[in-house]
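The values are calculated or read from the model by the stated rules, or taken from the named source; none is laboratory data. Just so it is clear, the structure is predicted and the values come from calculations on it, not from any experiment. Here the Cβ is made from the backbone with ideal geometry for all residues, glycine too, and neighbour counts use every protein chain on show. Ligands, DNA and RNA are stripped out before the accessible areas are found, and what is left, the full protein with its side chains, is counted by its heavy atoms. Shrake-Rupley method; radii C 1.70, N 1.55, O 1.52, S 1.80 Å.
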Amino acid sequence: MGQILDTDVFVVGGGPAGLAAAIAASQHGLRAIVADRAQPPIDKACGEGLMPDSLDVLTRLGVSLDGCETGTFHGIKFVGQESSVAAEFPQGRGLGIRRVLLHQLLLEQAEICDVEMLWGARVSAIRNDAVLVNGRAITCRWIVGADGQNSHVRDWAGLSAGSGRTQRIGLRQHFRVRPWSKYVEIYWGSHGQAYVTPVGSHEVCVALISRPKFLSFREGLNEFPELAARLNDADSSTKAMGALSISRQLKHVCRGNVALIGEASGSVDAITGEGMALAFRQALALAPALVAGDLSSYAAAHNKINSLPEFMSRSMLLMDRSRWLRQRSLRALSRQPSLFARMLAVHVGEMRLKDFGASGLLNLGWQLLRA
């Protein structure tokens, strides 16, 4: 008779990635336990916008935002110092939602799925068939590392090898003001970007991402005069919160019975706005691999899921680092907004990158020469 295990899947990390992994595993008939040192709800500085394709993935996890306080946006707008360009999503809409509210919704769905929660729990080691939690060994078949950028599970499993990482600094604060745009607005400055996402009928989330560290949120906001003027008379509804935005690719995301998910499995810069969406897609890919007893399919799916956001991140960071490229790109796109609309369609998965193709790249190159 085989060993009787405490659970099928043990997830280290109770943020959105960990909860999504546990929910998806439960949907496939597996028992799951989630452990985290923190207490819910877990907050983190992020842009708080969910694109239409992200909402579709949440629906597959059984999470609905109906009846919640959210803000609506219909596309993306780039705002530069000299020019701007906007495009709407090919279909659907995006929603902005406070991170703590989204975490609470995921937690409620996990409870519906009978996921066991261990909050305030310290995970100190992993073994072949067990996780050491508060000094007690909990046996399991699979271990999922969802413990973020500084993942201990990744180190314990020997999965930290990968390409060099780049790092920027993020700051987030909320303001009581009626959203003035139907877009998520991305303001481009000399040292970074400012993201404005509606998260309610009278509240916006403002996220600053920069290479240098600003002394304060207000100092960072002053790099974007147009945005600073809009928020000049608005009251802040939360204190500023900081976080690191890290780009990192790992050679492997699985080893033995250990799989990594979310930022533990590598990350793209927050400039893409894809952090949570990536984790949700990874969760949906991981669960059937666990059921099949073969993590190779998850490794392949992970590479596919991350490939486009990694490409978009590299492209947008080039604009961040080069003033010349940033100004010419924004001028070129403002002259031909249909090109920007096609790029947005690729970004949200409505158009394949290969369908954007050489003609799209050549057109962009020609517009850059003309800008």
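Could you tell me whether segment 49-65 includes any residue that is assigned to a loop (DSSP other than H, G, I, E, B) and among the charged types (D, E, K, R)? Looking for residues that are assigned to a loop (DSSP other than H, G, I, E, B) and among the charged types (D, E, K, R), one finds none in segment 49-65, hence no.
Answer yes or no: is there a residue in segment 226-246 that is assigned to a strand (DSSP E or B), open to solvent by less than 50 Å² (accessible area, probe 1.4 Å) and touching an Asp or Glu at 6+ places or on another chain (Cβ under 9 Å). Yes, segment 226-246 has at least one match. Within segment 119-130, the residues that satisfy the criterion of being open to solvent by less than 40 Å² (accessible area, probe 1.4 Å) and either within 14 Å of residue 146 (Cα to Cα) or among the aromatic types (Phe, Trp, Tyr) (or both) are 123, 126.
Considering only segment 47-63, state which residues are closer than 25 Å to residue 172 by Cα and not aliphatic (A, V, I, L, M). Those that are closer than 25 Å to residue 172 by Cα and not aliphatic (A, V, I, L, M): 47, 48, 49, 52, 53, 54. Only residues that are more than 19 Å from the chain's Cα centre (by Cα) and either aliphatic (A, V, I, L, M) or farther than 20 Å from residue 268 by Cα (or both) were counted across segment 148-188, and they come to 14. For segment 307-327, taking the residues that are buried (at least 18 other Cβ atoms within 10 Å of the Cβ) and either within 16 Å of residue 77 (Cβ to Cβ) or more than 26 Å from the chain's Cα centre (by Cα) (or both), the one that is modelled with the highest pLDDT is identified as 326. Within segment 330-350, how many residues are open to solvent by 40 Å² or more (accessible area, probe 1.4 Å) and within 25 Å of the chain's Cα centre (by Cα)? Within segment 330-350, residues that are open to solvent by 40 Å² or more (accessible area, probe 1.4 Å) and within 25 Å of the chain's Cα centre (by Cα) number 4. Could you list, ordered by first residue, the pairs with Cβ atoms under 7 Å in which the first is in segment 166-181 and within 16 Å of residue 198 (Cα to Cα) and the second is at pLDDT below 90 and surrounded by 21 or more Cβ atoms within 10 Å (Cβ to Cβ), at least 6 apart or interchain? Listed pairs, sorted by first residue: 172/45; 172/46. Residue 29 fulfils the conditions (1) open to solvent by 10 Å² or more (accessible area, probe 1.4 Å); (2) outside any loop (DSSP other than H, G, I, E, B); (3) modelled with pLDDT of 95 or more; (4) in contact with a strand residue (DSSP E or B) (Cβ under 9 Å, 6 or more places away or on another chain) except for a single criterion, (2). The single residue among 303, 222 that is out of contact with any His (no Cβ under 7 Å at 6 or more places or on another chain), at pLDDT below 95, more than 30 Å from residue 113 (Cα to Cα) and not aromatic (Phe, Trp, Tyr) turns out to be 222. Scanning segment 187-225 for residues that are open to solvent by 10 Å² or more (accessible area, probe 1.4 Å) and among the polar types (S, T, N, Q) gives 190, 201, 216, 222. A count restricted to segment 247-291 and to residues that are β-branched (Val, Ile, Thr), out of contact with any strand residue (DSSP E or B) (no Cβ under 8 Å at 6 or more places or on another chain) and open to solvent by less than 10 Å² (accessible area, probe 1.4 Å) stands at 1. The single condition among (1) out of contact with any strand residue (DSSP E or B) (no Cβ under 9 Å at 6 or more places or on another chain); (2) free of Cβ contacts under 8 Å to residues at least 24 places away in the same chain; (3) polar (S, T, N, Q) that residue 128 does not satisfy is (2).
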